[in-house]
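Have a look at the structure below before the remarks.
The values are calculated or read from the model by the stated rules, or taken from the named source; none is laboratory data. Everything numeric in this text was worked out from a predicted model, so none of it was measured. Ideal geometry is used to build each Cβ from the backbone, glycine not excepted, and the neighbour counts take in all protein chains shown. Surface accessibility is based on the protein's heavy atoms, side chains included, excluding ligands, DNA and RNA. Shrake-Rupley method; radii C 1.70, N 1.55, O 1.52, S 1.80 Å.
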Amino acid sequence: DFDPAFGALDDRVHPDDQARVAEALTEAIATGGTYEEEYRVVLPDERTRWVTARGRALRDQHGQTVRVLGAAQDTTALRQGEERTAAILESMAVAYLAMDADWKITYLNAEAEQIAGNSRADLVGQDFWATFPASVGSEFERSYRRAVATGETVTFDAYYPAPLDIWVEVRAVPEHGGLALYFLDITARRTAEAARDLSARRLSGLSRATLALAQAQSVQDLAAVVAEQGLAALGSDGGAVAVPDPKDPAVLLSYITASLGEDARAHYSRLPLD
């Protein structure tokens, strides 16, 4: 019962899509060109279906458009699958960003927007390397290009500098001819790990210093241990220790460390109090 006229087609197209479809057809008719649109149609029973249509306008020998030929495919199931996928991606606590074969950003979810500090409206369609310039020449670029070249998933942790200033755990997955990135902000975890490692090093250093102090046999030994090991164990980059000379209260026994670490050296001197 379909009336083969453009008016009938307009009647079936969803009201929200009518202007866009009419514009595409009008352009094709005016230029004798092609058109491609995805839109909704409303069936007589009020159900809505998604349709992808492709076609072109044909002209006669005088250059006048005489007809439009094309084909339409029901893509409702595909569209619903994409919508379900998008819903899943949006609900994930993991950031997701997709790029095409030309490194153009095609999609990112809400978590990725938050980490990137920018909206998808500003990022989608942009060149990835221009948008995230600090990636160029870094572990990010090496890993992404390796994933694309080998077709294999690459996982790594890396630091992205200011303005993001974050550590991220990244899983780069070749997908649909491009690359999909799944990433987590692990800055808090890395900070906690660094603090834990620093505490462990300090505890180890203090243990060595304590043992050395127990073995000190003179005030000179005591000052040297504190200067060479105690300050380093506390994370100092340098310092000095001075104690009165028990044999001459008017003189300080001074140990000065200018550079601490494995090659630290203490310089001993006697300093008159005057």
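Condition test on residue 3, is it modelled with pLDDT under 85 and surrounded by fewer than 15 Cβ atoms within 10 Å (Cβ to Cβ)? Here the answer is yes, as residue 3 does meet what is asked.
Within the option set 225, 251, being touching a helix residue (DSSP H, G or I) at 6+ places or on another chain (Cβ under 7 Å), at pLDDT 70 or above, open to solvent by less than 80 Å² (accessible area, probe 1.4 Å) and at negative phi holds for one residue only, 225.
I'd like to verify a number: residues in the stretch 45-63 that are assigned to a strand (DSSP E or B) and open to solvent by less than 80 Å² (accessible area, probe 1.4 Å), how many?
Residues of the stretch 45-63 that are assigned to a strand (DSSP E or B), as a first pass: 48-59.
Narrowing the set further to residues that are open to solvent by less than 80 Å² (accessible area, probe 1.4 Å) leaves 48-53, 55, 57-58.
The number of residues fulfilling the criteria is 9.
In summary, residue 148 fulfils each of the numbered conditions (1) farther than 14 Å from residue 98 by Cβ; (2) over 13 Å from the mean Cα position of the chain (by Cα) with the single exception of condition (1).
Of the residues making up the stretch 157-177, not a single one is buried (at least 16 other Cβ atoms within 10 Å of the Cβ) and over 21 Å from residue 111 (Cα atoms).
Taking the stretch 1-22 as the range and being over 16 Å from residue 67 (Cα atoms) and either in a loop (DSSP other than H, G, I, E, B) or without any contact (Cβ under 8 Å) to a residue 12 or more places away in the chain (or both) as the test, the residues that pass are 1, 2, 11, 14, 15, 16, 17, 18, 19.
Listed here are the residues, each with its yes/no results for (1) farther than 16 Å from residue 173 by Cβ; (2) among the hydrophobic types (A, V, I, L, M, F, W, C).
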| position | (1), (2) |
| --- | --- |
| 106 | no, no |
| 112 | no, yes |
| 116 | yes, yes |
| 121 | yes, yes |
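Candidates 42, 66: the one that is at pLDDT 85 or above, surrounded by 13 or more Cβ atoms within 10 Å (Cβ to Cβ) and among the aliphatic types (A, V, I, L, M) is 42.
Quickly run through the stretch 228-246 and pick out the residues that are open to solvent by less than 60 Å² (accessible area, probe 1.4 Å) and modelled with pLDDT under 70. Passing the criteria: 230, 231, 232, 233, 235, 236, 238, 239. Counting only residues that are at pLDDT 90 or above and surrounded by 14 or more Cβ atoms within 10 Å (Cβ to Cβ), how many does the stretch 117-128 have? Final tally of qualifying residues: 4.
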